[in-house]
Amino acid sequence: MSAADFDELLAVLDLRRVGEDTFTGGHPSKNPIRTFGGQMMAQAFVAAGRTLEHPIAPSALSVHFVAGGDPARDLEFRVTRLRDERRFANRRVDVCQGDDVLTTAMVSYMNGGRGLEHSVAAPEVAGPEDLPGIDELLRGYEETVPHFVSALRPIEWRYANDPAWVMRDRGGRLDHNRVWLKTVGPMPDDPVLNAAALVYSSDTTVLDSIITTHGLSWGFDRIFAVTMNHSVWFHRPVRFDEWVLYSTESPVAAESRGLGRGHFFDRSGALLATVVQEGIVKYFPGG
């Protein structure tokens, strides 16, 4: 993790407006082979938020991935305004490269006001100050998970359990993953960007429980994984430069598809957001 990586995250979220409802966005300097899904989702979320007529809080984001993006080419975000009212709004965002639609996102907004409140409890885990940083957990595994070592790391991670590669090395299994997250640097006082940082981070670790349930890990085992769809429900405002706990698990894997679901909690235990992601996950034993 580094301040430079954090600056790059803010830069990719700072979309260029090229029309009333059209934006373009670039990529950071460190990229996987395909555009990181969390990046496209966060950028699409920002594009939708920049077209709102009224200051309405987001309630849900639902994204379907159609094709992988080319990190060497800019992305275009085409926003369709479906509804604009003082308490409700809806947007569709198509993420494109040329004539190819890579991703379609639906974003809904609602100012609901006070009402009934309840939620699941946050799991009891050690605080982030008492846990090792991601650099320490990657030490000795540089050749096993090189894509993690070389990835853009604008988010500070503090695992409350062994990450997949450490668990696998110790011969364990784990049906959940719990990790503290926050941005490396201070976020602007912009609720759209803070929620976008949560969206960006929601695409990390959410599928891990599919493989750790079976005692497997990226790097050690031959695994192919790609996200098909991803949804986020926003329950409360978030400051993503303050520690939040991302608690994830996998309720099912079948027919080469797996489901990951997760909750974001703040330090007080308040539930901030809920995530569900479906991915294609294939395991090739004996590799």
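A short reminder: the numbers here are calculations on the coordinates, not readings from a lab. Computed from a predicted structure; not experimentally measured. Because the Cβ atoms are built from the backbone with ideal geometry, glycine has one as well, and the counts that use them run over all protein chains shown.
Below are the figures for this structure:
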| read-out | value |
| --- | --- |
| More than 14 Å apart - percent of Cα-Cα pairs taken over the stretch 184-256 | 68 |
| Contact order relative to length of the stretch 24-161, as percent, for alpha carbon pairs under 8 angstrom and 6 or more apart | 25 |
| Size descriptor, Kirkwood hydrodynamic radius, that averages inverse alpha-carbon separations across the stretch 62-197, Å | 19.1 |
| Relative contact order of the stretch 223-287, pairs being alpha-carbon contacts under 8 Å that are 6 or more residues apart, as % | 44 |
| 0 to 90° range, to nearest 10: angle between helix 37-49 axis and the chain longest Cα axis | 20 |
| Whole-angstrom Cα spans of the chain along principal axes, big to small | 54, 45, 40 |
| Kirkwood hydrodynamic radius (C-alpha pairs) into Stokes-Einstein, the stretch 1-96, 20 °C and 1.002 mPa s, D in µm²/s | 152 |
| Dipole in debye (nearest 20) - the stretch 175-287, about Cα centre, beta carbon charges: Lys, Arg +1; Asp, Glu -1 | 120 |
| Value at 222 nm in deg cm²/dmol, rounded to 500, when DSSP H runs of n ≥ 4 in the chain each add -39,500 (n - 2.57) | -5000 deg cm²/dmol |
| Other-chain or far-sequence residues with amide H under 5 Å of residue 257's (modelled H) | 281 |
| For the chain, size of Cβ-based charge dipole, Lys and Arg +1, Asp and Glu -1, in debye | 620 |
| Sites residue 175 and residue 280 - FRET efficiency at Förster radius 30 Å, r taken between beta-carbons, to 0.05 | 0.90 |
| Ratio Rg/Rh, restricted to the stretch 127-198 and using Cα atoms, in which Rh is the Kirkwood radius | 1.02 |
| For the stretch 34-76, fraction of C-alpha pairs farther apart than 14 Å, in % | 54 |
| log₁₀ of I(q)/I(0) at q = 0.15, 0.17, 0.23, 0.30 Å⁻¹ - the stretch 233-273, Debye sum with one point per alpha carbon | -0.44, -0.52, -0.73, -1.00 |
| Cα Rg, Dmax (largest Cα-Cα span) when computed across the stretch 71-137, Å | 20.2, 49 |
| Compactness index (Cα Rg / 2.2 N^0.38 Å), the stretch 120-257 | 1.07 |
| Degrees, to the nearest 10: 3-13 long Cα axis against longest axis of the chain | 40 |
